[in-house]
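Q: Can you keep this structure in mind? I'll have questions shortly.
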Amino acid sequence: MRIDILTIFPEFFSVLDVSLVGKARQSGLIDLRVHNLRDHTHDRHNTVDDTPYGGGAGMVMKPEPWGEALDEIIGEVSGGAAGADAGADAGPVLIFPSPAGELFTQKMARSLAEEPNLVFGCGRYEGIDQRVFDHYAASGRVRLISLGDYVLNGGEVAVMAMIEAIGRLIPGVVGNPESLVEESHEDGLLEYPSYTKPSSWCGHDVPPVLLSGNHGAIAAWRREQQLARTRQVRPDLLPPANSEE
Ligand code: 6GU
């Protein structure tokens, strides 16, 4: 998978050299390129923002640097394996992290992990001029995506979270694919509690069923734990039949 990131803070992304995503980059499973939006400005101060039309607090990111940078990346990516005359939806998915976007979910991560090309555009300030989204909605597949109902200063940290969630679902990135199956959200529920040795620690014992060797009983206990946890802290995740008290 090729991932392009457009940002005014390229140095944020140096952490993507480490851990599983870092290994996936070294082995060539992920081709990740970080671009500085300011390289696409042409004034002495490398200006990327301006005051909002209609007034109001804060600054808005200007459309021209985004247009120039996105055209360049889309041109490179589309000139590759997809071929010049690939269909309208063969272009990269353009993802703009935004608290005004649709909610990022495990399901979305699974579907994005199957894409050959993702482009992330990190906004700062009060956001990006709306015409950037409108312009590329025609040629590419634009998605505004939010991590949750709170506000970050910019898209960089959100993009790192999304890349980690998506990257680990690319075949080969996580060593043991089975470890991807039994996790929170993969089956729509929170995960069950895990224990390792010693069987007793500071007066806390591992639930006896886990030491029983009875695989059917263990599976049933884990399922009950998933349901109980989910009911307690995330009842919104349960199908209606399970959420009744
Ligand atoms: Cl994706 N971006 C920003 N700036 N703030 C957020 C967010 C994204 N998701 C939650 N808060």
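Q: Consider segment 193-221. How many of its residues are open to solvent by 80 Å² or more (accessible area, probe 1.4 Å) and either in contact (Cβ under 8 Å) with a residue 40 or more places away in the chain or touching an Asp or Glu at 6+ places or on another chain (Cβ under 7 Å) (or both)?
A: 0
Q: Looking only at segment 107-132, which residues are among the hydrophobic types (A, V, I, L, M, F, W, C), open to solvent by 10 Å² or more (accessible area, probe 1.4 Å), within 16 Å of the ligand (Cβ to nearest atom) and out of contact with any Ser or Thr (no Cβ under 9 Å at 6 or more places or on another chain)? Even if it seems obvious, please write down each step before you answer.
A: At the first step, the residues of segment 107-132 found to be among the hydrophobic types (A, V, I, L, M, F, W, C) are 108-109, 112-113, 118-120, 122, 128, 132.
Filter once more, so that each one left must be open to solvent by 10 Å² or more (accessible area, probe 1.4 Å): 108, 113, 128.
Cutting the leftovers down to within 16 Å of the ligand (Cβ to nearest atom) gives us 108, 128.
M108 - this is the single residue of segment 107-132 that is among the hydrophobic types (A, V, I, L, M, F, W, C), open to solvent by 10 Å² or more (accessible area, probe 1.4 Å), within 16 Å of the ligand (Cβ to nearest atom) and out of contact with any Ser or Thr (no Cβ under 9 Å at 6 or more places or on another chain).
Q: Quick check on segment 121-130. Is at least one of its residues within 24 Å of P10 (Cα to Cα), modelled with pLDDT of 95 or more and in a helix (DSSP H, G or I)? Walk me through how you get there before you give the answer.
A: Taking segment 121-130 and keeping what is within 24 Å of P10 (Cα to Cα), we get 121-130.
Next, only the ones that are modelled with pLDDT of 95 or more stay: 121-123, 128-130.
Filter again for in a helix (DSSP H, G or I), leaving 130.
Taking every residue of segment 121-130 in turn, at least one turns out to be within 24 Å of P10 (Cα to Cα), modelled with pLDDT of 95 or more and in a helix (DSSP H, G or I).
Q: Could I ask something else about it? I need every pair where a residue in segment 95-106 that is open to solvent by 30 Å² or more (accessible area, probe 1.4 Å) has its Cβ under 9 Å from the Cβ of a residue that is among the acidic types (D, E), sequence separation at least 6 or different chains.
A: Short answer, once both residue conditions are applied: P99/D149; L103/D149; Q106/E183; Q106/E186.
Q: Checking the conditions here, which among L152, L190 is part of a loop (DSSP other than H, G, I, E, B), open to solvent by less than 40 Å² (accessible area, probe 1.4 Å) and not acidic (D, E)? Working first, answer last.
A: Working: L152 fails: open to solvent by less than 40 Å² (accessible area, probe 1.4 Å).
Step by step, each of L152, L190 is checked, and only L190 is part of a loop (DSSP other than H, G, I, E, B), open to solvent by less than 40 Å² (accessible area, probe 1.4 Å) and not acidic (D, E).
Q: Can you tell me which condition G22 does not meet? The list is (1) open to solvent by 60 Å² or more (accessible area, probe 1.4 Å); (2) over 18 Å from Y136 (Cβ atoms); (3) not polar (S, T, N, Q), and all the others hold.
A: For G22, the failing item is (1).
Q: Checking the condition in a loop (DSSP other than H, G, I, E, B) and closer than 19 Å to V159 by Cα, which residue from L20, L29, L16, L6 passes? Write out each step before concluding.
A: On the way: L20 fails: in a loop (DSSP other than H, G, I, E, B); L16 fails: in a loop (DSSP other than H, G, I, E, B); L6 fails: in a loop (DSSP other than H, G, I, E, B).
Answer to the selection: L29.
Q: Between a first residue in segment 50-70 that is free of Cβ contacts under 8 Å to residues at least 12 places away in the same chain and a second residue that is of a type in the set (A, V, I, L, M), which pairs have beta carbons less than 9 Å apart while being 6 or more apart in sequence or on different chains?
A: Pairs found: T51/M59; T51/V60; Y53/V60.
Q: While we're looking at this one, here's another question. Could you say which residue among F96, F104 is in contact with a Gly (Cβ under 6 Å, 6 or more places away or on another chain), within 16 Å of the ligand (Cβ to nearest atom) and of a type in the set (F, W, Y)?
A: Working: F104 fails: in contact with a Gly (Cβ under 6 Å, 6 or more places away or on another chain).
Among F96, F104, only F96 is in contact with a Gly (Cβ under 6 Å, 6 or more places away or on another chain), within 16 Å of the ligand (Cβ to nearest atom) and of a type in the set (F, W, Y).
The values are calculated or read from the model by the stated rules, or taken from the named source; none is laboratory data. What you see is a predicted model; the values in this text were computed from it and never measured. Cβ: placed from backbone, ideal geometry, glycine included. Neighbour counts: every protein chain shown. Accessible surface is based on the protein model in full, side chains and every heavy atom, while ligands, DNA and RNA are left aside. Shrake-Rupley method; radii C 1.70, N 1.55, O 1.52, S 1.80 Å.
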